[in-house]
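Right, one structure below, let's go through it.
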Amino acid sequence: MRVRKICMIGDFAVGKTSLVSRYVHSTFSEQYLTTVGVKVDSRILELASGDQVKLVLWDIAGSDVLSSVERTYLQGAAGYLLVSDMTRRDTFDTALGLQNQAEQIIGPKPFVMLMNKQDLAQETDMDAEKVTALQHRGWRLMPCSAKLDTGVAEAFAALGERL
């Protein structure tokens, strides 16, 4: 079985920890807990081909710019999930900047951008033109909700297939 390091990157309070918790443990908590440093978890993913890959998920503390410590956490990553909050447009813009930084640090690696908190879609603050432009550039953008467990497993699977 192949083992792949995957980093979760995004701004503060976008739901990175909730997404990992939902995917790995099938749980969700309304309580917000700030990640300090990094939290590592894992889950085995069965690919469409029938092959299995163990995803080692590094949930990196939220920030709008990667610090030298966070840059170190990215080393060795096979891919990453960019996470933004659908209700806060600034987190989408932050994710774009973080993607650029990640590519400078580890080179071009597979990634998927998650637009979390789909359960609050009525409060969305997304720039539809930006989303469409990124999709035309080949980016995989996926709405999801850690709270309702919609699109979560699909997002991890999409990244797994890109690996």
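Remarks
- Theoretical gain in end-to-end length, Val3 to Arg71 [0.36 nm per residue, Cα-Cα removed]: 22.4 nm
- Ordering of 130-141, 11-22 by burial proxy (mean other Cβ atoms within 10 Å per residue, highest first): 11-22, 130-141
- Relative contact order (%) - the chain, alpha-carbon pairs under 8 angstrom, separation at least six: 27
- Helix-only [θ]222 nm of the chain, DSSP H runs n ≥ 4, -39500 (n - 2.57) each, per residue, nearest 500: -10000 deg cm²/dmol
- Structure-derived Rg and Dmax of the Cα atoms in Å: which label, when the choices are (1) 14.5, 42; (2) 15.1, 43; (3) 16.4, 58: (1)
- Cut-off 12 Å (backbone N to label point 7 Å along Cα→Cβ of Asp41), residues of region 119-151: 146-147
- Kyte-Doolittle mean at least 0.0, axial Cα span of 15 Å or more - DSSP H helices of the chain: 152-162
- Computed magnitude of the charge dipole of the chain (debye, nearest 20; Cβ of K, R +1, Cβ of D, E -1): 580
Each value in this text was obtained by applying a stated rule to the coordinates, not by laboratory testing. This structure is a prediction, so every number in the text was calculated from the model and none was measured. All Cβ positions, glycine included, derive from the backbone under ideal geometry; neighbour counts span all protein chains shown.
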